[in-house]
Amino acid sequence: MIDKHFSELIQGASKDIGYKFKNSSLLLEALTHKSYANENKLNYNNERLEYLGDSIIDFAIAYILFNQFSKSNEGLLSRFRAALVNEKKLSEIARRINLNKYIILGKGERLTSGNEKDSILCGTYEAVIAAIFLDSNLNSVLKIVKKHFEKEFENITSKDIMQDYKTAILIFCQEKYKITPSYELVSQTGPDHDCTFEVKIMINGSEYGRGSGKTKKEAEQQAAKEAIYKIVSSHREDE
């Protein structure tokens, strides 16, 4: 049984998301950050849904782009998808549908305005999309994602593909080697509420750079940045 406070929160979130849940417990789980779950000794948080939602959004955006840009080749479609499916863009979408008003955070995260952090907003949005999928089906997810990204689908252009380092290195690897770079976690240090991640980027089986940050995605951006500089420097030496 969901108490009155959470029931009102779920109703508000459902309205702003644009989807009415049959199983409201799924939305509650999607909105529950691990900081709140840890403080209140809950046996659930939104991390598992975030994991699933990451893949579902990737597919949904790819499918919509495939149909909308019927004459675009694989390379351009991949670039558009990379420009849309990243922490910065997903956190923008999350703010647009007011998820920052509904995220259930622990005291520490509330004090540091965790509901405005890109990493938390992005993860919560991914979890919400997974919850919709589990509550309904893929067609419902496609309709919701298309609605949430309506502005982006209308305005996306080739200039959007260079908005971040990960996109840039993805483009390079696809055009140069016909592969996708991979990111591997090297270490995670510090407490859960203030940990630092170190990540390395692998291209063709070789390490091209490392980066660190307060989130894995931030660390991946730094690793991609280092890889770009390494590649540019290498090309200059060859000239």
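Quick notes on this one:
- Test: Ile129 is closer than 27 Å to Asp3 by Cα and either without any contact (Cβ under 8 Å) to a residue 40 or more places away in the chain or not in a loop (DSSP other than H, G, I, E, B) (or both): yes
- The set of residues from region 178-221 being acidic (Asp, Glu) and farther than 30 Å from Glu74 by Cα comprises Asp192, Asp194, Glu198.
- Qualifying residue in region 74-89 (condition: of a type in the set (Phe, Trp, Tyr), modelled with pLDDT under 95 and open to solvent by less than 30 Å² (accessible area, probe 1.4 Å)): yes
- Taking the numbered list (1) under 30 Å from Ser35 (Cβ atoms); (2) modelled with pLDDT of 85 or more; (3) part of a helix (DSSP H, G or I) in turn, Arg210 passes all entries but (3).
- Selected residue (criterion: modelled with the lowest pLDDT) from residues of region 126-156 that are under 14 Å from Ile61 (Cα atoms) and aromatic (Phe, Trp, Tyr): Phe153
- Here Asn115, Asn155 are screened, and the one residue that is open to solvent by 30 Å² or more (accessible area, probe 1.4 Å), closer than 21 Å to Ile17 by Cα and among the polar types (S, T, N, Q) is Asn115.
- Qualifying residues in region 187-208 (those that are more than 20 Å from the chain's Cα centre (by Cα) and on the phi < 0 side of the Ramachandran plot) - the one least open to solvent (accessible area, probe 1.4 Å): Ile203
- The residues of region 90-112 that are touching a His at 6+ places or on another chain (Cβ under 6 Å) and open to solvent by 40 Å² or more (accessible area, probe 1.4 Å) amount to a single one, Gly108.
- Screening the candidates Leu26, Leu31 for the property of being surrounded by 13 or more Cβ atoms within 10 Å (Cβ to Cβ), of a type in the set (A, V, I, L, M), in contact with a strand residue (DSSP E or B) (Cβ under 7 Å, 6 or more places away or on another chain) and modelled with pLDDT of 95 or more yields one hit, Leu31.
- Residues in region 62-73 that are assigned to a loop (DSSP other than H, G, I, E, B), closer than 16 Å to Gln174 by Cβ and open to solvent by less than 50 Å² (accessible area, probe 1.4 Å): Ser72 alone.
- Residues (assigned to a helix (DSSP H, G or I), of a type outside the set (A, V, I, L, M) and crowded, with 16+ Cβ neighbours inside 10 Å) located in region 132-142: Phe133, Asp135
- Residue ID - nearest to Glu109 (Cα to Cα), chosen from residues in region 204-218 that are out of contact with any helix residue (DSSP H, G or I) (no Cβ under 6 Å at 6 or more places or on another chain) and in contact (Cβ under 8 Å) with a residue 24 or more places away in the chain: Lys214
The values are calculated or read from the model by the stated rules, or taken from the named source; none is laboratory data. Note that the coordinates shown come from a computational prediction; the quantities given were computed from them, not determined experimentally. Methodologically, a virtual Cβ is constructed for each residue, glycine included, from the backbone with ideal geometry; neighbour enumeration extends over all protein chains shown. For the accessible areas, the whole protein counts, side chains as well, though only heavy atoms, and no ligand, DNA or RNA atoms are used. Shrake-Rupley method; radii C 1.70, N 1.55, O 1.52, S 1.80 Å.
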